[in-house]
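To keep things clear, I will list the structure first and then write my remarks on it.
Values in this text are rule-based calculations from the coordinates and carry no lab data. Source: prediction; values computed, not measured. Neighbour counts run over all protein chains shown; Cβ positions are idealised from the backbone, glycine included.
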Amino acid sequence: MGLLVDEAFIQAEEQRSKLSISDAGNIPVIDLSPLVAADGIEHSREALSGLVAKVGDACKEWGFFQVVNHGVPAELHDRVHAAAREFFALPLEEKRRVRRSKESPAGYHDKEHTKNVRDWKEVFDFVVNEPVRIPTTAEPGEERIDSFWNQWPANPPDLRDVCQRYAKEMEKLAFKMLELISLSLGLHAKRLIEFFRENSSFLRLNYYPPCPNPDLALGVGPHKDPGPLTILSQDDVGGLDVRRKRDGEWVRVKPIPNAYVINLGDMTQVWSNDAYESVEHRVSVNCTRGRLSIPFFLTPEHHVNLRPLEELLSEGNPARYEEYNWGRFMKERNSSNFKKLQEDNIQISSFRKVV
Ligand SMILES: O=C(O)CCC(=O)C(=O)O
Ligand SMILES: [Fe+2]
């Protein structure tokens, strides 16, 4: 295939997607119905122990799994997808009325870079709880805090309401997943939820238009998510690829109707002192069908500090990470989206202790 896309989108040869990628056939699919039926995990721990074990195994072996019977109303899910499609179909000029800026980082944008290569996608971001507060700079000792709010487009008119209701459902599901992950690590069910009573979580509507050079560009370059976990809804097109832990191969996550894809992020890796690992993933594109995906990123407030959890450490298993501050970490990471840096943005590996 000849070169049809702008140079900014071209991935280095070793990062490109092979057209013959295989389906991740055995990525775990976990049925959450015991949890939904039990009305809270505290009350029926026995009945849920099988579920906890499954989540633990999936976290260790894959760091990626899908959940079904999760309790999120299908009708609401379908309405968010429909509204998102309508939004992305608007003329660029109209979408750009709610474009994001340094001062107002929620909204529409189409120029994100992952590892300094431009992603083949359009995005609309919104936060779950307003306003979100973030330090003005990433300097140590910075005391100034900026607040920002969502920007909602006039069209489609129901986008705001549908998105806000859906966001609350995602928050609820994320808390359930945190309980299961806590229990699977041998922690108290509420141990990890503590960090998110107030939170800065956000949702992203991703649209990946058909791409004339799916052999050269990616929808999102290879990366790991920085929070504890991400809950993703995808349509039936497919394109999410995971680097399988077992052999380092890229495999495609098969779309399952009404399922959510859950992936662990860096924060879970740090808390668990590497017992669970954040998994690398990327998005491949294709030349015929536009793809829609809607990830929910659970994230804490800016003042939260992260480090391996004391209860999981021992003499034989000392902390592998230095403590870091979430607000400063995110400020530093996000600044690379606005100016194209030569180096890659900050990663948790910067906090890894030399032992
Ligand atoms: O679109 C997808 O399937 C994944 C998107 C993703 O990984 C991200 O936005 O962090
Ligand atoms: Fe991601």
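Under 26 Å Cα to Cα from K190, which lysines show up? Leave out anything in the same chain fewer than 8 places away.
Partners found: K54, K60, K168, K172, K176, K224.
Of the candidates V270, V128, V251, which one comes out as most mobile in a Gaussian network treatment of the chain with C-alpha springs shorter than 10 Å?
Of V270, V128, V251, the Gaussian network model singles out V251 as fluctuating most.
Which value at 222 nm does the chain reach when only helices count, each DSSP H run of 4 or more adding -39,500 (n - 2.57), with the total divided by all residues and rounded to the nearest 500 deg cm²/dmol?
Mean residue ellipticity at 222 nm (helix-derived): -7500 deg cm²/dmol.
Answer rounded, prolate or oblate for segment 103-258, using the Cα gyration tensor with square roots of eigenvalues a ≥ b ≥ c: rounded when a/c is under 1.5, else prolate when a/b is larger than b/c, else oblate.
It is rounded, given that a/c, with a ≥ b ≥ c, falls under 1.5.
Starting with the highest mean, order 218-230, 300-312 by the number of other Cβ atoms within 10 Å, averaged over the residues of each peptide.
So the order, starting with the most tightly packed, is 218-230, 300-312.
At 7 Å along the Cα-to-beta-carbon direction for both L76 and E93, put a label point, then send me their distance in nm to one decimal.
Here the modelled spin labels are 3.7 nm apart.
Distance in nm between label sites at E332 and S104, each 7 Å beyond Cα in the beta-carbon direction?
Between E332 and S104, the simple spin-label model gives 3.0 nm.
For segment 119-156, which trypsin sites (Lys or Arg not before Pro) pass both filters: DSSP loop (anything but H, G, I, E, B) and at most 12 other C-beta atoms within 10 Å? List each step's numbers first, then the result.
Details: sites: K121, R133, R144; in loops: K121, R144.
Counting only loop positions with at most 12 other Cβ atoms within 10 Å, the trypsin sites (Lys or Arg not before Pro) in segment 119-156 are R144.
Could you give the distance between the Cα centres of segment 143-159 and segment 177-211, to the whole Å?
Using only Cα atoms to place each centre, the spacing works out to 22 Å.
Using the per-residue mean of other Cβ atoms lying within 10 Å as a proxy for protection, in what order, highest first, do the peptides 71-77, 161-167 fall?
Ranking the peptides 71-77, 161-167 by packing returns 161-167, 71-77.
Mind listing the long-range amide H neighbours of L229? Cut-off is under 5 Å, sequence gap 5 or more, other chains count too, H placed in the peptide plane at 1.01 Å from N.
Here G265, L298 satisfy the definition.
How far apart, in nanometres, would the label points at D57 and Y324 be if each is projected 7 angstrom from Cα along the Cα-to-Cβ direction?
In this crude label model, D57 to Y324 measures out at 3.3 nm.
Hey, fewest Cβ within 10 Å first, where do L48, L313 land in order? Can you show the working numbers first?
Working: L48 22, L313 14.
Least crowded to most crowded, the residues run L313, L48.
Karplus couplings for segment 190-207 from phi (6.51 cos²θ - 1.76 cosθ + 1.60, θ = phi - 60°), rounded to Hz, Gly and Pro as x?
For segment 190-207, the Karplus-derived couplings read 8, 4, 7, 4, 3, 6, 10, 3, 9, 8, 10, 4, 9, 10, 10, 8, 10, 10 Hz, x marking Gly and Pro.
Regarding the chain, what are the three Cα extents along the principal axes, ordered largest first, in Å?
55, 46, 42
Amide H of C211 versus every other amide H placed in the peptide plane: which residues, excluding those fewer than 5 positions away on the same chain, fall under 5 Å?
N286, C287, T288
Which loop GluC sites (Glu not before Pro) in segment 107-181, with loop taken from DSSP, have no more than 12 other Cβ atoms within 10 angstrom of their Cβ?
In loop regions of segment 107-181 (DSSP not H, G, I, E or B), the sparsely surrounded GluC sites (Glu not before Pro) are E143.
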